[in-house]
Amino acid sequence: MKKMLIMAAMMLIPMISFGQSVYDRAGSYKGKVESDGKIYDRTGAYMGKVDGNGSIYDRTGAYKGKIDRGNFYDRSGSYMGKIDNNGSVYDRTGEYMGKVDGSGNIYDRTGSYTGKAQNVKEATTAAISFFGMFILN
């Protein structure tokens, strides 16, 4: 029984970590997003979280902003931009910033591939990649 549990854990742990990982354009690991919204950089340092209501907090717990129905707001409530149903991201003036496709691929405004966020919500990916809510070094 103990051996079976260890083998199951060995199979599941890499899938969980890999399933929510963020990579840059060169394929280098940048960090991960846990299922509870907590975000970690490549060294494992806690960077902040996006809670179930879309509120965004930095590593100290300070409120950074909110994601509400695809719209992004900064800590003072000012509109920053949005992500539409197709994954296209726009800034506060409506200018196209890039796209997050259904597979988690991230593209800049020119269509160049900039990275990937596998199995991460598109809005969370946009918060990381386009709105600077988290810096994953």
Inset, instruction - With θ set to phi - 60°, apply the Karplus curve 6.51 cos²θ - 1.76 cosθ + 1.60 along the range 105-111 and write out the HN-Hα couplings as whole Hz, x wherever there is a Gly or Pro. - result: 6, 10, 10, 7, 5, 8, x
Inset, instruction - Compute, for ASP41, the solvent-accessible surface of its heavy atoms (probe 1.4 Å) with the complete set of protein chains present, and express it in square angstrom to the nearest 10. - result: 20
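Could you give the dipole magnitude of the range 26-125 about its Cα centre, charging the beta-carbon of Lys and Arg +1 and that of Asp and Glu -1, in debye to the nearest 20? Please list the in-between numbers first.
Details: 16 positive and 13 negative charges, 39 e Å.
So the magnitude is around 180 debye.
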Legend entry - Accessible surface, the range 69-129, averaged per residue in Å² (probe 1.4 Å): 53
Inset, instruction - Whole Å is fine, so just give me how far the alpha carbon centre of the range 70-94 lies from that of the range 21-51. - result: 21
Legend entry - Whole-percent carbon and sulfur share, accessible surface of the range 20-63, 1.4 Å: 44
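The values are calculated or read from the model by the stated rules, or taken from the named source; none is laboratory data. What you see is a predicted model, and the numbers here were worked out from it, not measured in a lab. We place every Cβ from the backbone using ideal geometry, glycine too, and count neighbours over all the protein chains shown. Note: areas computed on protein heavy atoms with side chains; ligands, DNA, RNA excluded. Shrake-Rupley method; radii C 1.70, N 1.55, O 1.52, S 1.80 Å.
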